[in-house]
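Data block below; observations after.
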Amino acid sequence: MGRERFIPEVHVWRLLLLWLAMLGFFGGLVFRLWNLQVAQGTEFQRKLAKQSLRSVRLPGIRGRILDRNGVRLADNRPSYCVSLYLEELRKPGGIQRTVDCVMESLYRLAETMDRPLPLTPKDVRLHLGRRTPLPLVAWRDLDETAVARFLERAADFPGAALTVEPVRVYPQGASACHLLGYVGRAAEESLPDAGAGEESEKYHYYLPEMAGKSGVEKRLDGVLRANAGGKLEIQVDVAGFKFDEVSSRAPGKGSDVTLALDARIQRAAEAVLEGERGAAVVIDPRNGDVLALASEPGFDPNDFVPSVPAAIWTALLKDPARPLYNRATGGEYAPGSTFKPVTLLAALHSGKVAADTRFTCPGYFQMGSARFRCWQHWGHGSIDLQSAIRYSCNVYLFHSALECGPEAVQAMARDCGFGRKTDVSLDFERPGLVPDREWKRAARRDNWRDGDTCNLSIGQGALLVTPIQMGLYAAALANGGTLWKPRLVQRIESAGVANEIAAEPAPNGPHWAERHIRTVRDGMRDAVNELDGSGKRAKLQDVVVAAKTGTAEYGVKGAGRKMTWMIAFAPFEQPRYAVALLVEDGVSGGTTAAPRVKQLLTQVFNEVEGLALPPPPPLQAVPDPVPSPDFAPAPPPEEEPA
């Protein structure tokens, strides 16, 4: 019997199921591939591009600072630099090979331009680690010779290029340095479009940008600096090197600022203070414009750009004359006899003293066992109020202040702007001090006495003022009683649109009767234009000047240290210039300050108004004080932060 052939049973449904499963698997795979490469391809491409993109913030162009006549006080100049594009010098292998290649190129460039090598291998390695896509700036601020040498052989240096950076420059040098201030590198978080708001842009890299560090540069930094910097988007490879520029946006430009300052008057004020420690302020009595604001000694703000060398910074900090200190706004001094018009106006306003009231000056004022002396020891005799200003008689002021009381003098001083800041828009302004009963009780743990009133009446004791306050006070005397807010900024111009800054009076200014201020002004005129006036050394030939001198002792009594002052205005009938000038450690207001005011006003009227006044005699240098053996200098005002 033959064997039967085995025929396996075929389950068709199982084959069909397997075929369907395989079809579904491959179908799903195809769908997934289609979804990734086609449907979502654009999105993945965008994400990939985003991961390789780096955004760089380009610094904006800082606005200019001009004087009232368009003279450039702060501007920008091109700084020619040689930069290396490291992606073109990149070598395969370890990073050290790229560093060696860059250093070799730098050595050859240094030899070609005859310039010292500014970078080390450590600097190159640090740049490669932190700022790989950006060009490495090797030399900055090259002169014409170095630029010409580089351009002659530029083809021999692949990866090297001449680039230009804007650099802050102060064309007038040290002139108005305390007013203008200086700039330094801005912190990234302080940039206008680097904040955390919804509209703030985020950047991977920030190129250096300048920010104001003091003066107008700091107070108006937000105006001078461009609100929106430029933006550059670059694409990098897996190693971080740039291989393409994707997009760019040009940087914006800051606003130009026009100051009320007149560069000619500023230079004249600085010239009369040359070699001394002091300050001078010139105000336009008609509107409060700050025509000059000088503090000596000063510094050259160009030394601070792009950063101040350590040697210069150390020298400035150690200089005993303190050139960084703005005496015009931050110096607090006893005003001496320049304060006497305040006392006399308070006495007139109180009704206790009239213009024809006479007091006798025997050369001293006896108060119990204390004797307060007049500067003229043999006395002035019987004099009225106008003559008291002319001769600067202390005894007349003692009588007047005691008649009206210290509260009247203190209130008048505050009305004249003393004891409060002027809001001149500069850093580190000090308010000064108008002492009263409450202050003395808190500071000295003592009651106010008549002797304090006598000292206050002649601008001595604890009374402190600043030169900018004195300039505005002189302007108020000149115009008959309007105390102005100092107008330092005249106009701000952005994108061709000028915004004028209006002049405005200070709040809580004085209210003087016309007859009272006329008497005081006449006394100030006599002080200069009469042969026996206390300010006769400020007299001009064809212009009538009114002024008041002041001499205030400071430090240990008897040491001979004096602050010498003069406040003045001219021309007398229609004043256009009010001046406050201070010289530290001078001889007296009449001897030291008055000739300097004369020279200042002579130059102003000749150069600004076109007159031909005869030149005054040369200024005499202030002799160094000779302290007594036991003399210890009074502590100076607190230093202005750098």
> Expressed in nm to one decimal, what extension gain is obtained for the pair residue 438 and residue 498 from 0.36 nm per residue of sequence separation less their Cα-Cα distance?
Replying inline: 16.9 nm
>> I need the per residue convex hull volume for segment 239-365, using only the alpha carbons, in cubic angstrom as a whole number.
In response: 280 Å³
> Got a number for the accessible area of residue 536? Probe 1.4 Å, square angstrom, nearest 10.
Replying inline: 90 Å²
> If we restrict to alpha carbons, what Rg and Dmax does segment 320-398 come to, in Å?
Replying inline: 16.1, 49
> In nm, to one decimal, how far is the residue 37 label point from the residue 140 one, both placed 7 Å along Cα→Cβ?
Replying inline: 5.2 nm
> How much accessible area does residue 364 have with a 1.4 Å probe, in Å² rounded to the nearest 10?
Replying inline: 80 Å²
>> Taking each pair of distinct Cα atoms in segment 251-299 once, what is the resulting Kirkwood hydrodynamic radius in Å?
In response: 12.1 Å
> For the residue pair residue 147 and residue 449, what label-to-label distance in nm results when each label sits 7 Å from Cα along the Cα-to-beta-carbon direction?
Replying inline: 7.1 nm
>> I'd like the Karplus ³J(HN,Hα) series for segment 351-358: coefficients 6.51, -1.76, 1.60, θ = phi - 60°, whole numbers in Hz, and an x wherever there's a Gly or Pro.
In response: x, 7, 9, 10, 4, 9, 5, 10
>> Under the 0.36 nm per residue contour assumption, what length would be gained going from the current alpha-carbon distance of residue 25 and residue 303 to full extension?
In response: 92.6 nm
> Taking amide H positions as placed 1.01 Å from N in the peptide plane, with prolines and chain starts having none, which residues 5 or more places from residue 556, or on another chain, fall under 5 Å of its amide H?
Replying inline: 632, 634
> At what distance in angstrom do the alpha carbon centres of segment 128-148 and segment 422-465 lie from each other?
Replying inline: 56 Å
> What is the Cα centroid distance between segment 501-546 and segment 466-492, reported in whole angstrom?
Replying inline: 14 Å
> segment 80-155: Rg/Rh from Cα coordinates, Kirkwood Rh?
Replying inline: 0.96
> What number comes out for the charge environment of residue 507, summing +1 per Lys or Arg and -1 per Asp or Glu over other residues with Cβ under 13 Å away?
Replying inline: +1
>> At R0 = 41 Å, how high is the FRET efficiency between residue 317 and residue 162 if r is their beta carbon distance? Nearest 0.05 is fine.
In response: 0.65
>> Suppose each label sits 7 Å from its Cα in the direction of the beta carbon; what would the residue 541-residue 100 distance come out to in nanometres?
In response: 8.0 nm
> Mind checking Rg over Rh on segment 300-458, alpha carbons, Kirkwood formula for Rh?
Replying inline: 1.13
>> If the only charges are +1 at each Lys and Arg Cβ and -1 at each Asp and Glu Cβ, what is the size of the charge dipole of segment 409-478 around the Cα centre, to the nearest 20 debye?
In response: 240 debye
> In terms of the ratio Rg/(2.2 N^0.38 Å) built on C-alpha atoms, what value belongs to segment 472-571?
Replying inline: 1.45
>> Tell me the volume per residue, in Å³, of the convex hull enclosing the alpha carbons of segment 506-554.
In response: 139 Å³
> How big is D for segment 120-181, in µm² s⁻¹ as a whole number, if Stokes-Einstein is applied with the Kirkwood radius of its Cα pairs at 25 °C and 0.890 mPa s?
Replying inline: 164 µm²/s
> What order, most packed first, do the peptides 423-431, 158-166, 386-394 have when packing is the mean number of other Cβ atoms within 10 Å of each residue?
Replying inline: 386-394, 423-431, 158-166
> Normalised by the residues of segment 539-599, what does the relative contact order come to in percent, with Cα pairs under 8 Å and at least six apart?
Replying inline: 33 percent
>> Can you tell me the convex hull volume per residue for segment 374-474, based on C-alpha atoms, in Å³ to the nearest whole number?
In response: 117 Å³
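The values are calculated or read from the model by the stated rules, or taken from the named source; none is laboratory data. On a predicted model such as this, the values are computed, not experimentally measured, just so you know. Don't worry about glycine lacking a Cβ; one is built from the backbone with ideal geometry, like all the others, and counts go over all protein chains shown. Remember, those area values only see protein heavy atoms, side chains included, never the ligands or the DNA or RNA. Shrake-Rupley method; radii C 1.70, N 1.55, O 1.52, S 1.80 Å.
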